[in-house]
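Asks: Structure in structure tokens, see below.
The values are calculated or read from the model by the stated rules, or taken from the named source; none is laboratory data. This one's a predicted model, so the numbers in the text were calculated from it and none came from an experiment. Because the Cβ atoms are built from the backbone with ideal geometry, glycine has one as well, and the counts that use them run over all protein chains shown. These accessible areas exclude ligands, DNA and RNA; they are computed on the full protein's heavy atoms, side chains included. Shrake-Rupley method; radii C 1.70, N 1.55, O 1.52, S 1.80 Å.
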Amino acid sequence: MFSDSKKYERLREEMVKKQIESRGIADPKVLMALRKVPRHLFVSEALRDQAYGDFPLPIGEQQTISQPYIVAEMTQALKLGKNDRVLEIGTGSGYQAAVLAEIAFRVYTIERIRSLYLKARKLFDKLHYHNIITKYSDGSGGWPEEAPFDAIIVTAGAPEIPEVLIDQLAVGGRMVLPVGDQYSQDLIRIIKDEKGIRKENLGGCRFVKLVGEHGWRDS
Ligand code: SAM
């Protein structure tokens, strides 16, 4: 019989092989992070055995932890280096922030729902993620006091790209965010250089809404 941690380690390995590598994610840092972060601890106990499935799961408050593949795709698209400071908007369960924290120097993550913010903060402490800084706030306007960031990831769908976030991106910085209506979005990557910004469409996706001053005004 496997102990629980062995069982989840085996499920994690299977997840990386069947859902991530097989779909073309090849950045060794991303694969390492997905092999390491105990995703089952970021969902409720009742959903633990489903945590490594190929789908999003509910985390309460009508919010979700994203499908493992989309976490991998967005993380790879950020082209993170070990000295990078990253801003995440939409902490949710905290799983994406933990994946980022395995690769980057420091992660700043903002959540607008207090119960989710508190739960994620507690888990980061428990798992010793000392390089994750949390904030309870509307994050649609970013975190100007800590800007500029080498990378910004928005894990909720915005009606359009918030200009204020582009302003908080360092020259050489990358931002990934879902943009579209509330039913479907395109995953957009923005790269900022000395000449300005470049936009790329990485394909379709579906996220819950980015609610706030620079997102959807209604919840
Ligand atoms: N990254 C999360 C994870 O790994 O579990 C998944 C995020 S979930 C799909 C989207 C999250 O964005 C929700 O928790 C939601 O409350 C949050 N959110 C939506 N609008 C926000 C805003 N303006 N500021 C901060 N968080 C926001």
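Asks: So, with +1 on the Cβ of K and R and -1 on the Cβ of D and E, and no other charges, what is the size of the charge dipole of region 105-167 about its Cα centre, to the nearest 20 debye?
Replies: Magnitude of the dipole: close to 580 debye.
Asks: At 1.4 Å probe size, put H40, H214 in order of accessible surface, largest to smallest.
Replies: From most exposed to least exposed: H214, H40.
Asks: Further, regarding this structure: Would you mind working out the magnitude of the charge dipole of the chain relative to its Cα centre, with +1 at each Lys and Arg C-beta and -1 at each Asp and Glu C-beta, to the nearest 20 Debye?
Replies: 660
Asks: Right, something else. Please express the shape of region 152-193 as an equivalent ellipsoid: the semi-axes are the square roots of 5 times the eigenvalues of the C-alpha gyration tensor, given largest first in whole angstrom.
Replies: Working: eigenvalues 77, 17, 10 Å².
With the √(5λ) rule applied to region 152-193, the semi-axes are 20, 9, 7 Å.
Asks: Of all GluC sites (Glu not before Pro) in region 1-101, which ones are in loop regions per DSSP and have a Cβ with at most 15 other Cβ atoms within 10 Å?
Replies: Answer by residue number: E61.
Asks: By accessible area of protein heavy atoms, probe 1.4 Å, what ranking do L127, L118, L57 get, highest first?
Replies: Ranked from most to least accessible, the order is L118, L127, L57.
Asks: If ligands, DNA and RNA are left out, what is the accessible area of R35 with a 1.4 Å probe, given in Å² to the nearest 10?
Replies: Ignoring ligands and nucleic acids, R35 comes out at about 80 Å².
Asks: Separate question: How much of the DSSP bridge set in region 121-188 is antiparallel, in percent, rounded to the nearest 5? Please list the in-between numbers first.
Replies: Values: 4 of 9 bridges.
Restricted to region 121-188, the bridges split so that about 45 percent are antiparallel.
Asks: Counting just the Cα atoms, what span does region 1-81 cover along each of its three principal axes? Round to the nearest Å and put the largest first.
Replies: That works out to 35, 34, 21 Å along the principal axes.
Asks: Continuing with this model, one more query. Write down, largest first, the equivalent ellipsoid semi-axes of the chain in whole Å, where each equals the square root of 5 times an eigenvalue of the alpha-carbon gyration tensor.
Replies: Working through the eigenvalues yields semi-axes of 26, 19, 17 Å.
Asks: Another one. Roughly how many Å is it from the Cα centre of region 32-66 to that of region 164-205, as a whole number?
Replies: Centre-to-centre distance over Cα atoms comes out at 26 Å.
Asks: What accessible area per residue comes out for region 65-127, rounded to a whole number of Å², with a 1.4 Å probe?
Replies: Details: 2250 Å² over 63 residues.
Each residue of region 65-127 exposes 36 Å² on average to a 1.4 Å probe.
Asks: Further question: ³J(HN,Hα) across region 73-83 via Karplus (A = 6.51, B = -1.76, C = 1.60, θ = phi - 60°), whole Hz, x for Gly/Pro?
Replies: Once rounded to whole Hz, the list reads 5, 5, 5, 4, 5, 7, 6, 6, x, 5, 9.
Asks: Write down the percent of antiparallel bridges among all DSSP beta bridges whose residues are both part of the chain, to the nearest 5.
Replies: 45
Asks: Could you tell me which of L202, A147, F124 has its Cα farthest along the dipole of region 117-211 towards the positive end, charges placed at Cβ (Lys, Arg +1; Asp, Glu -1), taken about the Cα centre?
Replies: F124
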